[in-house]
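Everything on this sheet refers to the single structure shown next.
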Amino acid sequence: MKKVLCSLCTLATLAFLLALPGFAAEKGTWSGTVSDANCATKGAMASDSACVKKCLENGAKAVLVTDNKDVLTIQNPEAIKGHEGHTVKITGTLDNNELHVDKLEMAKK
């Protein structure tokens with residue numbers, strides 16, 4: 001009986017933690033610059049299209065540097081191909097600071 005109650009408590013605790021913000025995936029829209037993990041912290045280079053393309057070709061992770069200066073890793077980098085260094089609006093799912101891109105459009109100026 002104690003094992004059953006302990007298991008139920010564990011399941012209830014896990015369900016509670018998954019319901020907290022930050023533990024569950026968040027659908028939404030984010031605006032920012034498509035960059036790479038190497039250049040994302042270097043300011044002006046983060047939007048240099050040629051530099052970003054080169055770094056991505058050399059194995060750097062694709063990221064979105066948001067308007068709030070958050071750096072989100074892009075889970076599916078093929079979705080940003082051709083937009084390296086561009087300012088974009090991405091619709092997708094954010095989970096543990098990783099962004100899955102469902103839709104990408106150029107940001108309005």
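The values are calculated or read from the model by the stated rules, or taken from the named source; none is laboratory data. From a predicted model like this one, the values you see are computed outputs, not experimental measurements. Here Cβ is always computed from backbone atoms with ideal geometry, including for glycine, and neighbour counts include all displayed protein chains.
So here's what we get for this one:
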item	result
Failed item, numbered, when residue 74 is tested on (1) of a type outside the set (S, T, N, Q); (2) under 15 Å from the mean Cα position of the chain (by Cα); (3) surrounded by 17 or more Cβ atoms within 10 Å (Cβ to Cβ); (4) on the phi > 0 side of the Ramachandran plot	(4)
Among residues of region 70-90, those that are under 12 Å from residue 31 (Cβ atoms) and out of contact with any Leu (no Cβ under 8 Å at 6 or more places or on another chain), counted	3
Any pair with Cβ under 7 angstrom, 6 or more apart, that starts in region 81-109 at a residue that is over 16 Å from residue 49 (Cβ atoms) and of a type in the set (Asp, Glu) and ends at one that is part of a loop (DSSP other than H, G, I, E, B) and modelled with pLDDT under 95	95/25
Out of 53, 103, sole residue that is among the basic types (Lys, Arg), surrounded by fewer than 17 Cβ atoms within 10 Å (Cβ to Cβ) and touching a strand residue (DSSP E or B) at 6+ places or on another chain (Cβ under 8 Å)	103
